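Here the structure comes first, spelled out in structure tokens, and everything after it is commentary.
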Amino acid sequence: MPQAIFATSFLPTAEYVFHLLQYDEVQIEACEFFPDQTNRNRCHILGPNGVQTLSIPLRKHANKTPTCEIEIADGNWKIRHWRSIETAYNRSALFEHYREEFRQLFFANEKNLLQYNTILLNFILNKLKAHTSVSFTSSFRSTLEHDYRYLSNGKTHRQMTDLKLPHYPQVFADRFAFIPNLSVIDFLFNTGG
């Protein structure tokens, strides 16, 4: 089977992971010039007040900085994000099962965004029992046959393809109609994969 290419994504959407799982091998784009305000450093979860965006703060970087050089800013953002994740998923079916391992990885002392996102992606793939191997690009190519980099370009959880994602129970279903294509952790913590 051919290899596909994806952009990095912070706790990627369900659509991103669905497409990724179609391949035995994928490459994460490391050499593109980092585009600001995308899901490369954002994810979307369903909290008690609706969809909530969690955004990793980044150190200042020049235009045309390769993604592999993007650094995460210091600060207490992990504590704030973790509180939001706990509020959103404490009552989910399987958060308790994944909590400690996920928490350790979430609080990893990794300063590089690409590496941090990949640590979390590998956790997700492991819990979904995926056999997809992940590597990084060594040069930038603008056109590729199996190119899914666009899935990280948005700043929302809106789907980018016509894929029909299945409905599953969500924690706040009593308040909101089903919301598709949130971070894949919404699916994982509610269903276990």
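Coordinate-derived values only; no laboratory data. Just so it is clear, the structure is predicted and the values come from calculations on it, not from any experiment. For neighbour counting, all protein chains shown are included, and Cβ atoms are generated from backbone atoms with ideal geometry for every residue, glycine included.
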Can you list the HN-Hα couplings for the stretch 73-78, worked out from phi with the Karplus curve (6.51, -1.76, 1.60; θ = phi - 60°), rounded to whole Hz and with x for Gly and Pro?
6, 6, x, 9, 4, 5
The helix 113-127 Cα axis meets the longest alpha-carbon principal axis of the chain at an angle in degrees, between 0 and 90 and rounded to 10, of 50
Where trypsin sites (Lys or Arg not before Pro) fall in DSSP loop in the stretch 133-193, at most 16 other Cβ within 10 Å
Arg141, Lys155, Arg158, Lys164, Arg175
Value in Å of the Kirkwood radius, where the stretch 109-193 supplies the Cα pairs that are averaged
15.5
Pairwise label distance in nanometres, Thr161 with Val134, each label 7 Å out on the Cα-Cβ vector
1.8
May I ask you to derive the FRET efficiency for Asp147 and Lys78 from their Cβ-Cβ distance with R0 = 22 Å, giving the value to the nearest 0.05?
0.10
Output the 0 to 90 degree angle, nearest 10, between the alpha-carbon long axis of helix 95-106 and the longest principal axis computed from the alpha carbons of the chain.
30
Considering only Cα-Cα distances, which of the following residue pairs are longer than 24 Å: Lys64/Lys155; Lys129/Lys164; Lys64/Lys164?
Lys64/Lys164
Gain upon complete extension [Gln37, Lys60; 0.36 nm per residue less C-alpha separation]:
7.0 nm
Take the alpha carbon atoms of the stretch 1-91, find their radius of gyration, then divide it by 2.2 N^0.38 Å using N residues; give the quotient.
1.23
Write down the percent of antiparallel bridges among all DSSP beta bridges whose residues are both part of the stretch 4-191, to the nearest 5.
55
Rg/Rh for the chain to two decimals, with Rh computed the Kirkwood way over all alpha-carbon pairs.
0.94
How much length is gained if the chain between Arg103 and Glu25 is pulled fully straight, taking 0.36 nm per residue apart and subtracting their Cα-Cα distance, in nm to one decimal?
25.4 nm
Taking Cα pairs under 8 Å and at least six residues apart, what relative contact order does the stretch 4-191 come out at, in percent?
39
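Applying 1/(1 + (r/R0)^6) with R0 = 30 Å to the Cβ-Cβ distance of Arg175 and Lys111, what FRET efficiency is obtained, to the nearest 0.05? Numbers along the way, then the final one.
Values: r = 37 Å, r/R0 = 1.24.
Step by step, r from the Cβ atoms, then E = 0.20.
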